[in-house]
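**Student:** Sharing a structure, written as structure tokens. Questions coming.
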Amino acid sequence: MPGIRVIVLAALAVVVAGGASARASGNGEELRVLFIGNSFTSTNDLPARLAELATATGRRMRARAIVFDGFSLEDHWKQGGAPAALASGEWDAVIMQQGPSSLPENQAHLRIWATRYAALARAAGTRPGLLAVGPESRRRTAFPAVIVSYRKAAEAAAADLYPAGEAWRAAWACDRRVALYGPDGLHPSRLGTYVAALVVYGRLFKAPLLASALTPDGVRGRTAHLLQAAAATALGRRLPPALRCG
């Protein structure tokens, strides 16, 4: 059985207006976020990247990630750690993901388990959400099916959708050279994780994404602006034509 990885993070900053729950709407309390997933979440430490964005913009949050390499949401349910953490009522939001789930049987599987987790989340006072990933680089033609799969699952579960895969496609529409896959052609590169973190940050905090404060060390300004615009586009935000590609 793959080993479990548990990540606990604290971003020590002050919460400003805007947020995914009453706790983060300006009352000075931190936003508490639980991640449930697999190596798509743990690669490049997505929760830590999210915490960095929050800190950079004066927000305060705490995240925990429960991830097993190769696990689906059903696998997590049977293992028991993720549902137990979710049922504790400790979290304001839960962000869940599994593999691409593009095939019809996998789409049905995702809808079933997303719905089950969402019901548990709401019973615990937690806002459920799904992080939509992408297929392997050799199967880029499957992106539309992956996007539809996660969108339908989010609708069935009445959960928030964090469309990281759509943000990747928006970035490539502007510049096909942007390297969002890592060396294995499956997991995200550092830039790919940065895009996912922007999508989660933008939806969780209802925050602007075109900001120099959100540019991480080691990323050129033009590239950061392009990826920020791609995340905003994936979240359905209208940008002036001059800003759509950063």
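Any read-out appearing in this document is the output of simple, stated calculations on the displayed coordinates, not a laboratory observation. Note that the structure is predicted; figures quoted are calculated from it, not measured. As a convention, Cβ positions derive from the backbone with ideal geometry for all residues, glycine included, and neighbour counts pool all protein chains shown.
**Student:** Hey, rough spin-label estimate for E29 and D184, points 7 angstrom out along Cα→Cβ, what's it come to in nanometres?
**Tutor:** 3.8 nm
**Student:** Treating the Cα atoms of the range 4-243 as identical point scatterers in vacuum, please give the log10 of the normalised Debye intensity I(q)/I(0) at q = 0.10, 0.11, 0.15 Å⁻¹, two decimals.
**Tutor:** Computed log10 I(q)/I(0) values: -0.41, -0.50, -0.98.
**Student:** For W91, W168, W77, what's the fewest-to-most ordering of other Cβ within 10 Å of each Cβ?
**Tutor:** Result, fewest neighbours first: W77, W91, W168.
**Student:** Using only DSSP helix segments of four residues or longer, with each worth -39500 (n - 2.57), what per-residue ellipticity at 222 nm results for the chain after dividing by its residue count and rounding to 500? Kindly include the intermediate steps, with their values, before the conclusion.
**Tutor:** Details: 9 runs with 105 residues, N = 246.
So the helix-based figure for the chain works out to -13000 deg cm²/dmol.
**Student:** Same structure, new question: For A173 and L239 in the same chain, what is the full-extension length gain: residue separation times 0.36 nm, less their Cα-Cα distance, in nm?
**Tutor:** 22.3 nm
**Student:** Quick one: which residues, 5+ away or cross-chain, put their amide H under 5 Å from the amide H of L31? H built at 1.01 Å from N.
**Tutor:** Those lying under 5 Å, H to H, from L31 are R60, M61, R62.
**Student:** I need the phi-derived Karplus couplings for the range 82-91: 6.51 cos²θ - 1.76 cosθ + 1.60, θ = phi - 60°, integer Hz, Gly and Pro marked x.
**Tutor:** With coefficients 6.51, -1.76 and 1.60, one gets 5, x, 5, 5, 5, 6, 5, x, 7, 10 Hz.
**Student:** In nm, to one decimal, how far is the T115 label point from the A211 one, both placed 7 Å along Cα→Cβ?
**Tutor:** 3.8 nm
**Student:** To continue, here is another question. List, in order, the whole-Hz ³J(HN,Hα) value for each residue of the range 185-197 obtained from phi through the Karplus relation with A = 6.51, B = -1.76, C = 1.60 and θ = phi - 60°; use x for Gly and Pro.
**Tutor:** So the Karplus estimates, Gly and Pro as x, are x, 10, 8, x, 6, 4, 5, x, 5, 4, 4, 4, 4 Hz.
**Student:** When the Kirkwood hydrodynamic radius is evaluated over all pairs of different C-alpha atoms of the range 45-139, what value in angstrom, to one decimal, is obtained?
**Tutor:** Answer for the range 45-139: a Kirkwood hydrodynamic radius of 14.5 Å.
**Student:** Further question on the same structure: Calculate how large, on average over all directions, the projected area of the Cα convex hull of the range 98-210 is; give the answer in nm² to one decimal. Walk me through the numbers on the way to the answer.
**Tutor:** Values: hull surface 29.6 nm².
Seen from a random direction, the Cα hull of the range 98-210 projects 7.4 nm² on average.
**Student:** Estimate the FRET efficiency between L103 and A156 by the formula 1/(1 + (r/R0)^6), using the beta-carbon distance for r and 22 Å for R0, to the nearest 0.05.
**Tutor:** Plugging the Cβ-Cβ distance into 1/(1 + (r/R0)^6) gives 0.85.
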